[in-house]
Structures are given as structure tokens and as C-alpha cells.
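Report on one structure; see the data block that follows.
The values are calculated or read from the model by the stated rules, or taken from the named source; none is laboratory data. Remember, it's a predicted structure, so these values are computed and weren't measured experimentally. In this analysis, Cβ positions are derived from the backbone assuming ideal geometry, glycine residues included, and neighbour counts consider all displayed protein chains. Just so you know, the surface numbers come from the protein's heavy atoms only, side chains and all, with ligands and any DNA or RNA stripped out. Shrake-Rupley method; radii C 1.70, N 1.55, O 1.52, S 1.80 Å.
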Amino acid sequence: MWGGRFAEGPSAIMREINASIPFDKALWRQDIAASKAHVAMLGAQGIVSAEDAATISDGLDRVAAEYEADGVPEDWDLEDIHMTTESRLSELIGPAAGRLHTARSRNDQVATDFKLWVRDALDQADAGLADLQRALVEQAGAHAGTIMPGFTHLQTAQPVTLGHHLMAYYEMIARDRSRFADARARMNFSPLGSAALAGTGFPIDREATARALGFDAPTRNSLDAVSDRDFALDYLMAASQCALHLSRLAEEMILWASQPFGFIRLPDALSTGSSIMPQKKNPDAAELVRGHAGRVIGCATALMITMKGLPLAYSKDMQDDKPPVFEASGLLALSIAAMTGMVADSAFDTARMRHAAELGYATATDLADWLVREADIPFREAHHITGSAVRLAESKGVALDALSLQELKAMDDRIDERVFAALSVEASVAARASYGGTAPDQVRARVAEARTALGMEE
């Protein structure tokens, strides 16, 4: 490839450290597509003959068919997917293959291929997340009125509905999808034609290749185009945030599936057993999703550190840009699929969830709110009165609504029998009817909006 400049070939160590074909062979589809767009433009511009352009394009189709059937061969002497493809093309069509690299460099070639690959990864993540949202919406709609404890500090706080809880994750995933969409819009400019770093003297048509590859336009600065990996970092940052959200949902399912909670029965297909304890049903898929978040974040950190301090334009450090992106993409796709299956196919113990909501004096805030609303007591004073009521109920081992009217009036004479209508868990969730609240009607309204946004049939 570059032997004319060197008297000797690379050492075994240089050959091994320099080769990227073991991982960048994943770019073969993008490399073929970009090469076909490039040679079509070269032919249209008269930079290569129409006959050579057609021969090269047909040859690239033959190479692609071989890769599809047999995989990409790994010859470390050819270093990467670009030279592997060009070498095989030369074997198939002869000297005309040497014209393919006219007016381009491996620097703009790899930037283009990698962008195309990341763009596909963004689209795949978005599609997977849409499926996860649909699963969340289906379960939320079915459980819009199912009462469960809401937690702060993992302590019972106030009653909520399971539908409301699941729709919180719908909102998180919606933000994840928006980050992937933003990243896609920001990266959708074609580096092809930037050549090594300074552009080219050939009369190329960069707008044509950009259009052919689905980009919005060519990049505006050749130095930036070949050295930019912001698009990969944008993907990894969005993937990291998404993995964090998935890990939170996974952790809750792990907790809910444990015997002390007993809120949920995870699908057998996404659980495992124990080699020694026959009664065990372990939430291994959820635990792996939780663990994958750390690895995805590690991938983002690795690429940030690789790019830190690099001068313009291309440096060989940037060859290490692809492994963390490929790894994160695979982990994220598995995590999304696993959580979609868990959400869709899990069964909830609604009676146990409701019973848990009655524990921990979850309606204490409702008593305080009733005192403010019905007895015109300042909230801080109402808070103090309610705290006394909770202390008494706790000492008696009963729920708040099991205290007698006389016991409540002993704390404050302004309390009357109407208070009991506010102390049930049903009354508590129904009262939270502000926009975005947990009241079943609010949950159903959000579910209806989500179904419309996702194109789900009623």
C-alpha cells in the first residue's frame, strides 16, 4: 500500500498493533455503500471513465456478496476494511480498481463509514426504545388504577398507581429517544471528499455523494471533518444516559421480584435458576442490564480520553474509536430488548401491591392536606398534628384510618368524621389529580397521549 516510501516492511509488532481489520470489518456495508457513491460521482464528474466507474461499481457488488456469504477475511497485512475491500476488488476487476481511491483518503473514508454505522446504530436504538415504550404503555393502561406504594429513600411515601410509576419510565425513554434524535441530526453531514485533511484538487461533487448516502449536506471544513468524532461521543453519551435509565428500571424489577416485596413475577424466559437451590428464580437478565450500564459508561469514558488533547487533523489514536462504540451498541441493544421483554411479559401481584401501599402510613400527607383544606390550619401546624397521629397509630400497630374519631379529635378538635374519606389509599391517589399526577384519570390521559404519539391502535 505504501511500500514505495519504505525500504522494509513493518515488523511483526507494528503489523499487529497497526491492524484494525479484526474490528473495523463491521463497517463493510458502510464501506461498500460509500465507495459506490464515490465512484458514481467520479464517473459523473468525468474524473474516471464511465466504463471504469461501472466496472468498479459492479465489482463492489461482487465483493459485498462475498462478504455477505462468507464474512470479511482478516489479512493483517491489509490493515483495515478499506484496503481489504480494495485489494479484493483489484483481484476481481484488475487495474481499474486502483482508480477507486482517486480524490479520497482513508481519513475521510473511515470518517464517512463510521458516521454511517453510528447513524444506523442511532436508528436501531430508537426503534428498540419505541418498542419498550409500547410495552410500558400497554402495562400502564392495564394498571392505571392499580395502587402501590410510592417511595422516597426507598421508604413508603405516598400511594401511587402502578400505571403512573411505569409511565415515569416512558418519559425517561422519551428523553433518551430525543437525545438519539438530536445526535442524529447533528452528525448528518458527509465527510466524504475532505480527503486526507485539506480537501482535493479534483473537481468532485460533494453534494452528490452526500445526497447519495442520505446526509443533509457535506461538512464545511475538511480539517474538522476527518478529525471529528463528536458524533461517536454524542452516541455514547446518549447511550450512557439510556443505560442509566434501563438500570433503574432493572433495579426496581429486581427488588419487586424479591420475596420481601413480591410485587412482580418475572417471565421464565428472562430468568435463571440456581445450580444448588432448586427454589431459586434469579432475575439475571435484569441484573445484567444493571451491570451493562457501567460498561456503556466506560465505553464513553474510554473514547473521551482517547480524543483528549489530539491536535488536528487525523492521528492514529483515532483508530481506537470504534471498539468502544461497537461494544456499547451491542450492550445497549441487548439491554433494551431484555427490558422490553420483562415489561411486556411480567405479571403483577396487585393485591400485594395494594396491601403494601397501606403500610408505612402512606396517607399521612393526605391527613395534613385535609387539615389545611378543610380546617384552615397552616401546613406546618397540620404537619405536626399528623406526625402525632402517625406516632399514635404506630404505637397501636394500626393504620391511620383505623384510629377512632375520638383519638384524632384528641389531637385537634377541628378534625371531624369527614377526615376518613381522605385516609384510604384509593382516596389518596384519586386526590392527586393535578396535571401529571397519579390519579387514575390522569394516568389514563397520559396513556392515551402516548398511544397516539407511538401510533398504537386503541
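Exactly one of (1) in contact with a helix residue (DSSP H, G or I) (Cβ under 6 Å, 6 or more places away or on another chain); (2) under 20 Å from Val325 (Cα atoms) is unmet by Asp230. Its number?
Asp230 satisfies all of (1) in contact with a helix residue (DSSP H, G or I) (Cβ under 6 Å, 6 or more places away or on another chain); (2) under 20 Å from Val325 (Cα atoms) except (1).
Has region 43-55 got at least one residue that is open to solvent by 20 Å² or more (accessible area, probe 1.4 Å), touching an Asp or Glu at 6+ places or on another chain (Cβ under 7 Å) and part of a loop (DSSP other than H, G, I, E, B)?
Taking every residue of region 43-55 in turn, at least one turns out to be open to solvent by 20 Å² or more (accessible area, probe 1.4 Å), touching an Asp or Glu at 6+ places or on another chain (Cβ under 7 Å) and part of a loop (DSSP other than H, G, I, E, B).
Limited to region 321-347, what total is found for residues that are surrounded by fewer than 18 Cβ atoms within 10 Å (Cβ to Cβ) and not in a helix (DSSP H, G or I)?
Number of matching residues: 1.
Return the residues of region 413-448 that are closer than 16 Å to Val372 by Cβ, open to solvent by 30 Å² or more (accessible area, probe 1.4 Å) and within 50 Å of the chain's Cα centre (by Cα); say none if nothing qualifies.
Arg418, Ala421, Ala431, Arg432, Ser434
Kindly check whether there is at least one residue in region 375-388 that is in contact with a Leu (Cβ under 7 Å, 6 or more places away or on another chain), at pLDDT 90 or above, open to solvent by less than 40 Å² (accessible area, probe 1.4 Å) and under 21 Å from Pro149 (Cα atoms).
yes
Just need a number here: residues in region 390-412 that are closer than 17 Å to Asp366 by Cβ and either touching a strand residue (DSSP E or B) at 6+ places or on another chain (Cβ under 9 Å) or of a type outside the set (D, E, K, R) (or both).
11
So is Gly94 modelled with pLDDT under 95, surrounded by fewer than 21 Cβ atoms within 10 Å (Cβ to Cβ) and not assigned by the TED database to the domain that holds Asp224 or not?
no
Exactly one of these conditions fails for Ala410: (1) open to solvent by less than 70 Å² (accessible area, probe 1.4 Å); (2) assigned to a helix (DSSP H, G or I). Give me its number.
It is condition (1) that Ala410 fails.
Which is in a helix (DSSP H, G or I) and in contact with a helix residue (DSSP H, G or I) (Cβ under 6 Å, 6 or more places away or on another chain), of Ser428, Ser395?
Answer to the check: Ser428.
Can you tell me which residue within region 259-286, out of those that are assigned to a loop (DSSP other than H, G, I, E, B) and modelled with pLDDT of 90 or more, is nearest to Leu244 (Cα to Cα)?
Residue satisfying both the conditions and the ranking: Pro283.
Can you report the number of residues in region 144-195 which are part of a strand (DSSP E or B), open to solvent by 20 Å² or more (accessible area, probe 1.4 Å), touching a Ser or Thr at 6+ places or on another chain (Cβ under 7 Å) and in contact (Cβ under 8 Å) with a residue 40 or more places away in the chain?
2
Return the total of residues in region 260-310 being polar (S, T, N, Q) and either farther than 30 Å from Thr350 by Cα or open to solvent by 100 Å² or more (accessible area, probe 1.4 Å) (or both).
Number satisfying all stated conditions: 4.
Conditions tested, residue by residue: (1) within 22 Å of Lys322 (Cα to Cα); (2) under 14 Å from the mean Cα position of the chain (by Cα).
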| site | (1), (2) |
| --- | --- |
| Thr161 | no, no |
| Met167 | no, no |
| Ala174 | no, yes |
| Asp182 | yes, yes |
| Arg186 | yes, no |
| Phe202 | no, no |
| Ala225 | yes, no |
| Arg248 | no, yes |
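So, in region 327-378, how many residues would count as being hydrophobic (A, V, I, L, M, F, W, C) and in contact with a helix residue (DSSP H, G or I) (Cβ under 6 Å, 6 or more places away or on another chain)?
17
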